[in-house]
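Everything on this sheet refers to the single structure shown next.
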Amino acid sequence: MMARMLSQLPLPLLPAGAAEIAPGVGFLAGDDGGLVTVHGLATFAWDGGDEASRRLAAVQLVRLRAASQGQVAAAFGVDPGTIWRWDQALAAGGVAGLVPARRGPKGASKLTPLLAERIAGLDAAGATLREIAAATGVSTFSVRNALGRVASGGRPAAAGAAGDSASRDTGDGEQGPGAVVPVLPDPVSRDGERALARWGLLGEGAAPVFAPGARYPLAGLLLALPALEGTGLLDAAREVYGRLRDGFYGLTATLLTVVFLALAGEPRAEGATRVPPAALGRVLGLDRAPEVKTIRRKLGELAAAGKAAELIMALARRHAAARPDALGFFYVDGHARVYYGTRTVQKTHVARLKFPAPATMETWVTDQDGDPVLMVVAEPSDSLAGELRRLLPQLRQVAGEGRRVTVCFDRGGWSPALFADITAAGFDLLTWRKGPAPDLPAEVFTTVACTDDRGRAHEYELAEATAELGISDGPRKGQTVTLRQVTRLVPAKAGGTRQIHALTSRDDLTAGEVCWRLSSRWREENYFRYARTRFALDALDSYAARPDDPDRMVPNPARKTAAARVRQAEAAARAAETARDAALLQLRSPAPGQAAYLTNQVINALAAPVEDACRELDDADTAAAAVPARVPLGTLAPDMVRLDAETKQITHAIRMAAYNAETLLARGLDGHYARAADEAYALIREALTTSGDIHPGNGELLIRLDPLTAPRRTQALAALCDQLNQARARYPGTDLVLRYEVKSHPNPA
């Protein structure tokens with residue numbers, strides 16, 4: 001293009017000593033300045049030290065297309081990204097935008113040569129860094145700087161290479177709770193690692209590096225790390241996925257980011273726009289946290305592996321190993337995740353909306369405390385009974401061979417054939433009886449008092465019996481299932497009483513425990529309600545979708561039309577019979593003084609409408625029987641799609657771990673906070689978002705949290721910190737042991 005712009009042949013000459021960086025473009029630089037020639041013509045020149053003119057020459061070469069960005073970057077000794085940033089600075093602020101900003105402190109330094117000599121003398125005399133800082137009136141960081149113990153970027157000179165996470169804490173053993181640390185210091189520079197990551201040379205993510213500082217805004221999030229370690233999320237993810245592609249943010253940093261966002265009240269990836277990246281980066285040990293597009297890209301990379309179900313199963317096994325006492329009862333229920341988009345998604349009944357809506361069905365399993373253990377995406381149009389049958393092998397893997405586990409579910413799982421399958425698989429069952437059942441005499445009920453697993457007293461009016469249930473379909477057709485029935489007498493809405501029946505295969509439970517165990521199924525509903533509000537249970541985490549299987553058999557809507565026609569024909573036949581019978585009665589019972597004659601012609605005339613109605617009913621029955629119960633989906637809705645389930649399962653797994661970690665912290669307040677039963681979660685949410693100081697050093701990471709809104713809350717948090725310190729958990733990816741303290745609550749003036 002440059003050649004076409006010239007009116008004469010270009011001169012091929014280059015100045016003496018110049019290097020050709022592109023065809024016809026010469027570059028000559030030295031201590032006294034530089035020169036760029038284009039086809040023999042001096043085009044750009046700058047004096048020594050004139051950095052703005054030098055940058056202007058580089059940008060103009062690219063803008064004129066005399067050389068490529070890479071060629072210019074190689075000649076000027078920078079990377080292509082730097083040329084791009086210079087171009088942006090020129091566009092935003094003109095030539096003034098290319099003037100380099102002054103680095104380092106903007107004011108006069110306290111570290112004069114005389115003071116540095118005094119610091120060296122005190123150090124030679126054996127004084128500690130803190131004592132030297134107090135004697136000279138500077139910070140311990142300035143003392144280390146004067147003694148040459150701080151390398152470039154503000155790190156200790158003893159710090160290792162970029163990948164050596166075990167030795168890269170910024171303390172030297174003298175940093176402690178009483179040390180003076182800067183408020184919100186600049187993070188440790190990670191420019192070198194980011195440059196390596198850009199070229200794929202960093203490996204599995206940047207290692208965490210912490211700068212000592214005060215008043216970090218989200219320091220409270222670090223409280224969740226010991227509890228998060230108990231959930232096994234990071235170990236399970238490494239077991240299933242191994243690692244992510246080379247980049248600055250590795251698997252651990254990505255998962256911690258999503259967990260921290262959820263605990264901070266922003267569970268979706270878009271929530272990263274409402275949390276300052278620098279603030280979240282400080283608790284990640286990075287210069288800044290990943291932003292929305294990076295989080296989505298990382299989750300997309302995990303989803304592409306197709307191992308979300310394996311991740312959830314790995315989490316469930318770790319949950320079972322960590323809390324074996326909570327696995328005596330599994331509560332299973334379906335959850336409809338409503339879809340509000342524009343795609344055609346199969347409708348299903350949504351209980352909380354009380355009408356059908358486009359939704360994706362999920363089947364959730366929680367332990368006896370209501371904590372989530374396992375979830376699977378249910379097959380469209382499948383019932384809870386079908387999902388339970390499909391889940392039995394996975395429940396056995398989670399519980400382990402030989403463990404006695406009771407599966408509790410609602411009436412949606414009613415199926416005598418399923419009950420037989422559950423007991424055959426080595427499980428017990430507990431559910432409500434569905435459909436009509438004979439009531440028991442009132443005199444057999446007695447008052448039963450019991451106490452549940454949380455110390456609450458209950459009183460029930462109960463009676464016991466045995467239920468024989470016949471199996472009418474499937475390979476067990478004709479068999480019967482015998483279960484224990486516990487009947488409860490409760491007030492009816494219209495007055496009086498009514499009976500509800502619970503069925504179980506367990507004979508060792510008291511009747512009262514059967515009732516409160518089955519009523520405790522609402523703990524799972526409470527989890528749904530809380531997770532929907534706090535952890536974006538129903539959020540659409542991915543906009544991807546795939547076509548549904550056109551050969552999948554679905555209920556035929558024509559059956560409903562045919563059944564309605566049968567009902568109309570039955571009603572018409574009954575009405576015709578009623579009219580005929582009324583006419584015959586009138587003829588057979590005439591009024592006094594009147595004569596009535598019944599002839600065959602009269603009877604036939606009265607019976608004709610009935611015969612017509614019966615023929616219509618027979619035709620409707622025949623037509624209804626000919627309509628298939630199920631038809632291929634492609635014949636009804638060829639554009640039906642299924643929402644992406646892989647990404648949703650991954651986010652479910654991460655948020656399950658975040659919820660379980662928050663729950664463990666909330667339960668740690670029992671006995672330390674008078675209102676723990678009502679306010680435990682609210683206190684933990686406040687603690688997780690509180691500010692605090694971070695002091696790395698001596699092989700540990702000390703987190704000193706600021707006091708909470710009330711002294712009693714601060715005291716409860718201090719007791720929780722004592723419990724967490726006993727776990728001696730380590731910050732993921734480092735050898736730093738986490739230790740927690742809470743600052744004293746300020747006394748009122």
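General remarks:
- Using a cutoff of 8 angstrom between alpha carbon atoms and counting only pairs six or more residues apart, the relative contact order for the stretch 317-396 works out to 27 percent.
- log₁₀ of I(q)/I(0) at q = 0.14, 0.15, 0.23 Å⁻¹ - the stretch 555-670, Debye sum with one point per alpha carbon: -0.81, -0.85, -1.17
- Under the Debye formula (equal points on every Cα, no solvent term), log10 I(q)/I(0) of the stretch 633-749 at q = 0.11 Å⁻¹: -0.50
- The stretch 509-593: translational diffusion in µm²/s, Stokes-Einstein, Kirkwood Rh over Cα pairs, 37 °C, 0.692 mPa s: 158 µm²/s
- Its Cα centre serving as origin, the stretch 280-371 has a Cβ charge dipole (Lys and Arg +1, Asp and Glu -1) of approximately 540 debye.
- Listed residues Thr82, Ala682, Gly121: farthest to the positive end of the dipole of the chain (Cβ charges): Thr82
- Rounded accessible area of Lys434 (nearest 10 Å², 1.4 Å probe): 110 Å²
- Surface accessible to a 1.4 Å probe, His319 within the full protein complex, Å²: 20 Å²
- The equivalent ellipsoid of the stretch 458-567 has semi-axes of 36, 27, 19 Å, largest first, where each one is the square root of 5 times an eigenvalue of the Cα gyration tensor.
- Volume per residue for the stretch 384-518 equals 131 cubic angstrom (convex hull of Cα atoms).
- Taking the convex hull of the alpha carbon positions in the stretch 206-349 and averaging its projected area over all directions gives 11.4 nm².
- Probe 1.4 Å - accessible area at Lys307, Å² to nearest ten: 70 Å²
- Expected 222 nm ellipticity per residue - DSSP helices of 4 or more, -39500 (n - 2.57), all of the chain, to 500: -12500 deg cm²/dmol
- Each Lys and Arg Cβ is given +1 and each Asp and Glu Cβ -1; about its Cα centre, the stretch 518-658 then shows a dipole of about 660 debye.
- Where Asp439, Asp186 fall by accessible area, highest first, once all protein chains stay in place (1.4 Å): Asp186, Asp439
- Excluding ligands, DNA and RNA, the accessible surface per residue across the stretch 522-605 is 68 Å² with a 1.4 Å probe.
- In the stretch 273-372, the portion of solvent-accessible area held by carbon and sulfur atoms comes to 55 percent [1.4 Å probe, whole percent, DNA, RNA and ligands not counted].
- Model label sites at Lys354 and Ala465, defined 7 Å from Cα along the beta-carbon direction, differ in position by 3.2 nm.
- Given R0 = 35 Å, the distance between the Cβ atoms of Ala682 and Asp191 translates into a calculated FRET efficiency of 0.30.
- Pairwise Cα inverse-distance average, inverted: Kirkwood Rh of the stretch 40-147 (Å): 17.4 Å
- The structure-derived value of Rg/Rh (Cα atoms, Kirkwood Rh) appears in the list (1) 0.94; (2) 1.15; (3) 0.99 under the label (2).
- Other residues with beta-carbon under 11 Å from the beta-carbon of Thr466 carry, at +1 per Lys or Arg and -1 per Asp or Glu, a net charge of -2.
- Trypsin sites (Lys or Arg not before Pro) within the stretch 19-118, DSSP loop, no more than 11 other Cβ atoms inside 10 Å: Arg65, Arg102, Arg103, Lys106
The values are calculated or read from the model by the stated rules, or taken from the named source; none is laboratory data. Please read all numbers here as calculations on a predicted model, not as lab measurements. Please note: Cβ atoms are built from the backbone with ideal geometry, for glycine as well, and neighbour counts cover all protein chains shown. Ligands, DNA and RNA are stripped out before the accessible areas are found, and what is left, the full protein with its side chains, is counted by its heavy atoms. Shrake-Rupley method; radii C 1.70, N 1.55, O 1.52, S 1.80 Å.
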